[in-house]
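Only the coordinates and a few stated rules stand behind these numbers; no lab work does. Please read all numbers here as calculations on a predicted model, not as lab measurements. Cβ coordinates were reconstructed from backbone atoms using ideal geometry, including for glycine residues, and neighbour counts include every protein chain displayed.
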Protein chains: 2
Amino acid sequence: MIGMKSFYLVGYDIVSDKRRSKVASIMESFGYRVQYSLFECRLDRRDFGSMVKQLAPYVDKGQGDSIRIYRLCEACVSKAMYYGACPDPWERPEIII
Amino acid sequence: MIGMKSFYLVGYDIVSDKRRSKVASIMESFGYRVQYSLFECRLDRRDFGSMVKQLAPYVDKGQGDSIRIYRLCEACVSKAMYYGACPDPWERPEIII
């Protein structure tokens, strides 16, 4: 079921400005930027593999870079909450805090 | 079941340095900092409510601040992947990219 899409949340800390902007532009091609260094994506397995492959050269562990990837089931996606400036790409309702 | 703990992933974009450091220090008291502005927490309902209440005054929507909260089921928590500098607080294995 190579075509079936899953929801991924991808967050990164990238030390160098040059690598960080490269990571951001790669991520823009795979998902929605919901915060400065946090993206929400819906990807099938092939696209997920190609995303990780494209990111790898720009994540320098030795310099303190890190990337975190959370694969969320649809129940968890539907419970996501947000408050503030960034509209929700999947139109979940904003919480009031 | 007020005591039952759930896993929350909390990410924020806070424009002002002063508010951002206040949000970070509040979050340090509720969870683990896994990236610069991303925290993993295990909270019961009461602690979750108190976290949101403490954060609220420091999230200025009008200035472009935003906060995103994802509540993850244990299956999604176990699938989390990371690569890089930040050790995983729940000792999930690091992926190789």
Practice task
Counting residues in region B:6-78 as N, plug N into 2.2 N^0.38 Å and put the Cα Rg over that result.
Solution key: 1.06
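Rounded to two decimal places and with Rh computed the Kirkwood way over Cα pairs, what is Rg over Rh for the protein assembly as shown?
0.94
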Fill in the blank from the handout: Between the Cα axis of helix A:17-28 and the main Cα principal axis of chain A, the angle (0 to 90°, nearest 10) is 40 degrees
Completion exercise
To the nearest 10 degrees, the tilt of helix A:45-55 (Cα long axis) against the first principal axis of the alpha carbons of chain A is 50 degrees
Exercise for the section: Obtain the nm distance between the two label points defined at A:LYS79 and B:ILE26 by a simple spin-label model: each point lies 7 Å from its Cα along the Cα-to-C-beta direction. Expected result: 2.2 nm
Completion exercise
Close lysine pairs (the protein assembly as shown; alpha-carbon distance under 27 Å; 8 or more apart or on separate chains) counted at 26
